[in-house]
Each structure stands twice: as C-alpha cells, then as structure tokens.
Amino acid sequence: MLPWLRKSKILVTCPKGIAPYLQAEIVALGFPILNATEAAIETEGTLTDTMTLNLNVRTGHRVLYLFHAMQANTPEELHDRLTRLAWEMVMERDGYVCVTSFSDTAAIRDGRFLNLKGKDAIVDRFQQVFGRRPDSGPDRGRTVVHLYWKDQQVLVYLDTSGEPLSRRGYRKIPLQAPMQETLAAAVVLASGWKENGNFINPMCGSGTLAIEAAWIALDRAPGLVRNNYGFMHLKGFQPSVWRDLRTKKRKAVRKQLPGKIMATDISQGAIDAALQNARTAGVDHLIEFEVCGYQETTIPCDGGVVILNPAYGERLGEVKALEATYQGIGDFFKQKCQGYKGYLFTGNFNLAKKVGLKTKRRVPFFNGEIECRLLEYELYEGSRKPPLPCLPEEKEGIMEEVL
C-alpha cells in the first residue's frame, strides 16, 4: 500500500504572475515554503496533506506529490528505471493511468514521446507483476502521473489534482473567453477585498469574479464543489478522511457577507449564465445580478471596490471600437465610483491609456499567454453626490487601505 503518511516534496503549480498569492495561501495553510518560481511553489508534506491543499488552494492549478527522483540519459534508460518502480503500490491492477510531462533535455524533442514512454513503462510493470496491462490514455479523471525531465534529472510526480484545480465545477455555462477561476481568485486577492465594503463587478460575463469574491469573503473552500480528484484513484485512499476534511470546512463557512456583491452585464444571456453558475457555486442568494450597461450599474455609497474586465481587442477594427468603451470606463469611475477603489483588468495597455486616470498600482498577471495588468485607481471623494443617503444597515464597513 502506498504510504500516505510519508513526507515528500510537493509542487503546486500556477499560472505565471500568480505565485506570490499562491505562496501566501500555502503559508496560511501551515505548510513550509521550500522554493518558489514564477509558476510554482514547492512545499512538503504527506500524500494525505495533498487533500488539504487540493481542497483549499484558490490560485494553484496542480498539486504534485514527488513519488521518486532518478537520473536518465536516454529514453531507453528512462523506461528501464520507471519499470523498476512499484507502480502496483500506486494503482489497482484494473485501474487507468494518464501520463503528462514536461521535458527540457536533448534526449527527446517531442513531449508526447515522453508521455508514451512513461505510459509504456507503467503498463509494462503491471504486465510483469500481474500478467495484464491496465488501461491508459489522456483522461485525467483517474490516476495521473507527471514526469519532469530536465537534463539528466527525472522527477516522477503523482498528480493528486487530476483535472486542474481551476476547474472548480460550478461554471456550467462559461460563455466566450471567460477568465479562469484561479486567475479571478488572484485578481480578487490582489484588490485587497475580502471582508469590508462592497464588491461591484460590471461587465461580469459568466460571473467568475463575483463568485470567487463571494467564496473568498465567506472563507468557503474552492474544492467543495468538485467531486473528483486524482488522489481518490491512488491505492490506499480513505474516503472517510476526505469526508471529514470537507465537513470541517463546510462548518467553517461564514453565513453572511459584510458588504454587497453586485454583478451587472448588458447581456441577458450573460446574466442568465452567471446566475446559473452562482447557483451551482451556492452563492446565488448572495450576489445581486442586473442586466444593464456598466455605466448604469448602481454603486452603493458606502465604499468598496469596482472591478471591470473589458475585452482587449484582437483586430484593428475591434480596438478602435473599444476606445470609446475604455474612455467611458474612465468617466464611469470619475462620476459614479468616488470613494471606491477602481480596478481595470486588461491585456491591452494602449487601450488602458484611454481611461484617462492616474494609476496607483499596476499588478502584472497573465491570462493564458497574454501579458495583462490589474490597474488600480484610487477614486477620491469629490463632487459625486449619492442619490440617496446610506441606510444604517449599509454602513457595515469601509474598505481597508490596500498597501
């Protein structure tokens, strides 16, 4: 049986630009930091500990448990050494294995070849031990093995996440070009919003930013909706341990938000999709959805953050059309959002200049391969007069200053 209580290195991967937020999460969960790169944080723990990471981490993609480290110079040598590993300790004889990989070695040129060699070695081991081969293929819904081969070093990981953690399970209707859930969580964390003030999200699309904001404010673990992880298909997995972890996190979830979360979009289809996604995420009763243009979004007068994620524009005609939108966002910030912190997430820096406001911070992110910025604007109180006085119950908190 695989030793679930044996300590080993654990690598938690993430998109570029998100590592500082991931590191803070891992530290908050009580894990040490062994190393940090722009796209991963290395910690250590047991295979059982990977359950905690998979359940709680908002900004990570994959939780990789180091199963074995070795040296190899050729594909043949790699196959031979992988075949010697006791894979029968990892998965059942009638199991299914998917092999993923990263390679930076002169020994191979095509990563798909490394996947194939890894898969062949595992099934060959089963053939030797049991006289039969397990099924294998690209499906990450069962046992997943990840190979990292750089120069002569080969690290063999058990991918305890399976499907990336960004696939929370609530986004049943993603719409076109949605923001990935892990990126949305990092953007909310970067804004500093968690417990005080309102969270306003015009141009909400499929509602990802608003949903992630609600989960963060409630301290709701992002893994509670998902029902399948890679660790569940490893030999020796104890469902009762996982159930206890989930139950404990569910009981710790806050019941109410200290401020309002409001999400608007000019498209009825977008609002319908966002509402359905929020319902699946269990927060539809906590988010106020409205069909309207961003300029018509109601802004409560007791402060908070306003975040917009407009289109970036890929073709010249689109960029020209978006200039007016970005200019309008600047007017919207100045005229309706004073007393808030305004945020614009964009991958088009030239369009961002059309906002016409001085930025306080420029936080770098990547949306896939697109280099982006979360631009912060501090919108001081001034000429705006609230349409109605704040009701007493609305004065629950003022946004803390973002350092």
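Numbers for the structure displayed
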{"quantity": "Given (1) within 24 Å of HIS233 (Cβ to Cβ); (2) in contact with a helix residue (DSSP H, G or I) (Cβ under 9 Å, 6 or more places away or on another chain); (3) crowded, with 22+ Cβ neighbours inside 10 Å, index of the condition ASP49 fails", "calculated": "(2)"}
{"quantity": "Any hit, the stretch 359-368, residues being touching a Ser or Thr at 6+ places or on another chain (Cβ under 9 Å) and under 25 Å from THR298 (Cα atoms)", "calculated": "no"}
{"quantity": "Qualifying residue in the stretch 244-254 (condition: in contact with a Phe, Trp or Tyr (Cβ under 8 Å, 6 or more places away or on another chain), outside the structural domain of LEU64 (by TED's automatic domain parsing) and either surrounded by 18 or more Cβ atoms within 10 Å (Cβ to Cβ) or of a type in the set (D, E, K, R) (or both))", "calculated": "no"}
{"quantity": "VAL90 being modelled with pLDDT under 95, among the aliphatic types (A, V, I, L, M) and within 19 Å of LEU11 (Cα to Cα)", "calculated": "yes"}
{"quantity": "Condition met for ALA221 (aliphatic (A, V, I, L, M) and under 22 Å from SER166 (Cβ atoms))", "calculated": "yes"}
{"quantity": "Scan of the stretch 149-158 for residues that are surrounded by fewer than 23 Cβ atoms within 10 Å (Cβ to Cβ) and either among the acidic types (Asp, Glu) or farther than 20 Å from THR46 by Cα (or both), ordered by number", "calculated": "LYS150, ASP151, GLN152, GLN153"}
{"quantity": "Residue list for the stretch 278-330, filter: of a type in the set (Asp, Glu), surrounded by fewer than 16 Cβ atoms within 10 Å (Cβ to Cβ) and in contact (Cβ under 8 Å) with a residue 12 or more places away in the chain", "calculated": "GLU288, GLU290, GLU296, GLU323"}
{"quantity": "Residue match in the stretch 25-35 (condition: part of a helix (DSSP H, G or I), within 21 Å of the chain's Cα centre (by Cα) and not aliphatic (A, V, I, L, M))", "calculated": "yes"}
{"quantity": "Among (1) within 22 Å of ILE18 (Cβ to Cβ); (2) touching a residue at least 60 places away in the same chain (Cβ under 8 Å); (3) crowded, with 19+ Cβ neighbours inside 10 Å - the single one ALA184 does not satisfy", "calculated": "(2)"}
{"quantity": "Hits in the stretch 242-264 (condition: within 23 Å of ASP302 (Cβ to Cβ) and in contact (Cβ under 8 Å) with a residue 40 or more places away in the chain)", "calculated": "LEU257, PRO258, GLY259, LYS260, ILE261, MET262, ALA263, THR264"}
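For every residue, the table says whether it meets (1) without any contact (Cβ under 8 Å) to a residue 60 or more places away in the chain; (2) more than 24 Å from LEU5 (Cβ to Cβ).
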position: LEU64; (1), (2): no, no
position: GLN71; (1), (2): no, yes
position: HIS79; (1), (2): yes, yes
position: LEU85; (1), (2): no, no
position: PHE113; (1), (2): yes, yes
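The values are calculated or read from the model by the stated rules, or taken from the named source; none is laboratory data. For clarity, every value in this text was computed on a predicted model and none was experimentally measured. Using ideal geometry, Cβ is built from the backbone for each residue, glycine included, and neighbour counts are taken over all protein chains shown.
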